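Heads up: the structure comes next, in structure tokens.
The values are calculated or read from the model by the stated rules, or taken from the named source; none is laboratory data. Note that the coordinates shown come from a computational prediction; the quantities given were computed from them, not determined experimentally. Please note: Cβ atoms are built from the backbone with ideal geometry, for glycine as well, and neighbour counts cover all protein chains shown. Surface areas here come from the heavy atoms of the whole protein model, side chains and all, with no ligands, DNA or RNA. Shrake-Rupley method; radii C 1.70, N 1.55, O 1.52, S 1.80 Å.
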Amino acid sequence: MKGIRRRVIAVILLCLTMCFTGCGEEELVSEDFQRGNSRNIEVNSIMKTDKGFYYSQGGMEKLSLYYYDSANGKSMYLCNKPECRHEGDEFCAATSDKYYAMETVMYSGSLYVAAVEETETAYKYKLLKASLDGSSLSEVVTYFEADSVDVMPFCNWKMYPVLTIHRNKVFLPYELRNRNNSEIGMNGTAIYDLATGELTYLGEKDRGLKEQDLNFMGCGDYMYFATAQKFKTKLYRYSYADGSVEMMDLENNFKGEYALYDENTIFYIRAQKELFKYNHETKENTRINTKEWNGYNFEIMTTEGMQPIVLDFTNLYSILSDGEYVYIPEGFSNNGFNAPRFEGYDPTHFDDEGPEKKNYIEVTMLDCDGNYVNHVEVSSEDLLGYSECFTLHILEDAVYMQTPFMVYECSKEDFIAGNASFKEVYPLDIGIHSVKEEQ
């Protein structure tokens, strides 16, 4: 009996050991890059779970991570230590005076942060990892280091995003410039494999400033990116199979703005005026007819009542795709953080001079062939009472509008139908550029 009892106890202890070991290990789950979930130098992508949202400070500010709990409607620092004051010391899992955060991305059940640590002699570019439960913040890898005597990190809005993860590979572009002459500096792109821990580089580690990698997007077994030189910009894709890089044969005057519908279908903007579709299998560039939808929209009074007219074409600055539709904000850059400018008149409201001016943008939706589907008017003025900066994000079945103080949500179904019915989702407690603060 004693022998049986010992064996039972041994089995129980073994099972408990295996359970605790399993709890301590984090399984890396390969995920695809969310192509429609845009980000820029001001705001991160929408980081959503079934219980709430995560957000963070970026743009070379001191690291601070936050969590919004949808159940109780509260925002808090992403630190689960009740005695912590969140003052940036090593004890805190959400704030740090040691790191300047550039961008944060949620991937495989964790937050990854591209950050810079400044020491007395060097700048160290590091990839950090934070747990979603607020229990830990740790360094994953130092992917670039430079002497701080003559150069300093440079936040180039064209270079953003600076952290793109797709199928376990992290692409991390960096740039430093001379303190006294911004024409002199260095840049490159690190590639870190989360599964193997291997650190490599996309081309030379230090390329000077003759060319710069930008606008990374993952799709299928490839990572796409643009490389900008002084007088031309090219689009490439990096193969996950063998690490090779091939160029897309686009039309001249491509400036780096593109959207991936799928692995072989690319929509891109030429010279901020023309829209093209490129098929990589056939190498064919097809110009999309934009005349039926691109332009300033006005309404004038006729004998038959108010009638809409289009007076002029607007520039095309940015483009998005979620693999189902292509989205084009006319005359508005979704890559930046801007407020809509005057676009037309609101015939339902009048002042002494007639219909009131209305600040909004039109987002046009196209199908996989570039055919017009619908358009929708988007205005932060309708939500806030004045025209404020915002960025649009498309994630799963919703479209999000991220402003400096609040994030709004609209169902994708309503958005495609032409009804931008945005509602409040969660507030932002971080300092983001705002039109209101400039007034």
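From helices alone, the chain scores -2500 deg cm²/dmol at 222 nm; the rule is -39500 (n - 2.57) for each run of n ≥ 4 DSSP H residues, then divide by the residue total. So what is the relative contact order of the range 206-257, in percent, for Cα pairs below 8 Å that sit 6 or more residues apart? Result for the range 206-257 is 29 percent.
Kirkwood Rh, Cα Rg: Rg to Rh for the range 160-304? Rg/Rh for the range 160-304 comes to 1.09.
Mean separation of Cα pairs under 8 Å and 6 or more residues apart, divided by the residue count, gives the range 55-213 a relative contact order of 14 percent. Residues considered: H375, H166, H86. Largest GNM mean-square fluctuation over the chain, using C-alpha springs under 10 Å, is found at H86.
Look at the dipole of the chain built from charges on Cβ: of A71, L137, A339, the Cα furthest out on the positive end belongs to L137. Net charge in the neighbourhood of Q229 (other residues with Cβ under 10 Å of its Cβ; Lys, Arg +1, Asp, Glu -1) is +3. With the cut-off at 26 Å, tell me which of the pairs K129/K423; K210/K255; K158/K273; K158/K277; K126/K234 have Cα atoms farther apart than that. Listed pairs above 26 Å: K129/K423; K126/K234.
Where the centroid of each part is defined by its Cα atoms, how far is the range 112-184 from the range 374-430 in Å? Using only Cα atoms to place each centre, the spacing works out to 30 Å. Modelled this way, with points 7 Å down the Cα-to-C-beta line, the labels at T121 and N80 are 3.9 nm from one another. Size of the chain from its Cα atoms: along the principal axes, largest to smallest, the extents are 101, 50, 48 Å.
What the pair-distance distribution of the range 176-243 shows, using all Cα-Cα distances binned every 5 Å from zero, is 4, 14, 22, 24, 17, 10, 6, 3, 0 percent. For the residue pairs K98/K412; K74/K436; K74/K358; K232/K291, the alpha carbons lie more than 31 Å apart in K98/K412; K74/K358.
Residues with beta-carbon under 13 Å from that of D193, excluding D193: net charge, scoring Lys, Arg +1 and Asp, Glu -1? That sum, taken over residues with Cβ under 13 Å, equals +1.
The E90 and E284 beta-carbon pair, evaluated with R₀ = 56 Å, returns a calculated FRET efficiency of approximately 0.50. Working from Cα pairs under 8 Å separated by at least six residues, relative contact order for the chain is 10 percent.
Once the Cα-Cα distance is subtracted from the 0.36 nm per residue extended length, the K291 to Y240 segment shows a gain of 14.5 nm. Would you work out if the range 232-272 is rounded, prolate or oblate? Take a ≥ b ≥ c from the square roots of the eigenvalues of the alpha-carbon gyration tensor; rounded if a/c is under 1.5, else prolate when a/b is larger than b/c, oblate otherwise. Judged from the Cα gyration tensor, the range 232-272 comes out oblate (a/c at least 1.5, b/c at or above a/b). Near Y54, within a Cβ-to-Cβ distance under 12 Å, what is the net charge of the other residues, with Lys and Arg +1 and Asp and Glu -1? Neighbourhood net charge equals 0. Where a Cα-Cα gap under 17 Å defines reach, which aspartates and glutamates qualify for K283, not counting those fewer than 8 residues away within the same chain? Hits, sequence-local ones excluded: E246, D249, E251, D262, E263, D369. Among D262, D213, D69, the order of accessible area from largest down is D262, D69, D213, computed with a 1.4 Å probe on protein heavy atoms. If the chain linking T200 and W157 were pulled fully straight, counting 0.36 nm for each residue of separation and taking away their Cα-Cα distance, it would gain 13.1 nm.
Inter-label distance, D69 to E396: 2.0 nm, where each label sits 7 Å from its Cα along the C-beta direction. Taking Cα centre as origin and charging only the Cβ of basic (Lys, Arg, +1) and acidic (Asp, Glu, -1) residues, the dipole magnitude of the chain rounds to 1620 debye.
Helix 2-24 and the long axis of the chain differ in direction by around 30°, with both axes built from C-alpha atoms. Would you be so kind as to identify which of M306, Y160, I416 lies farthest towards the positive end of the dipole of the chain, taking Lys and Arg as +1 and Asp and Glu as -1 on Cβ and the Cα centre as origin? The one lying farthest along the dipole's positive direction is Y160.
Taking 17 Å as the straight-line reach from the Cα of K205, the aspartates and glutamates in range (excluding those fewer than 8 positions away in the same chain) are E145, D147, E175, D193, D213.
Packing here is the average count of other Cβ atoms within 10 Å per residue, and on that basis the peptides 254-260, 288-294, 79-85, 127-133, highest first, run 254-260, 127-133, 288-294, 79-85.
With the biggest extent put first, the Cα atoms of the range 14-137 measure 49, 37, 31 Å across the principal axes.
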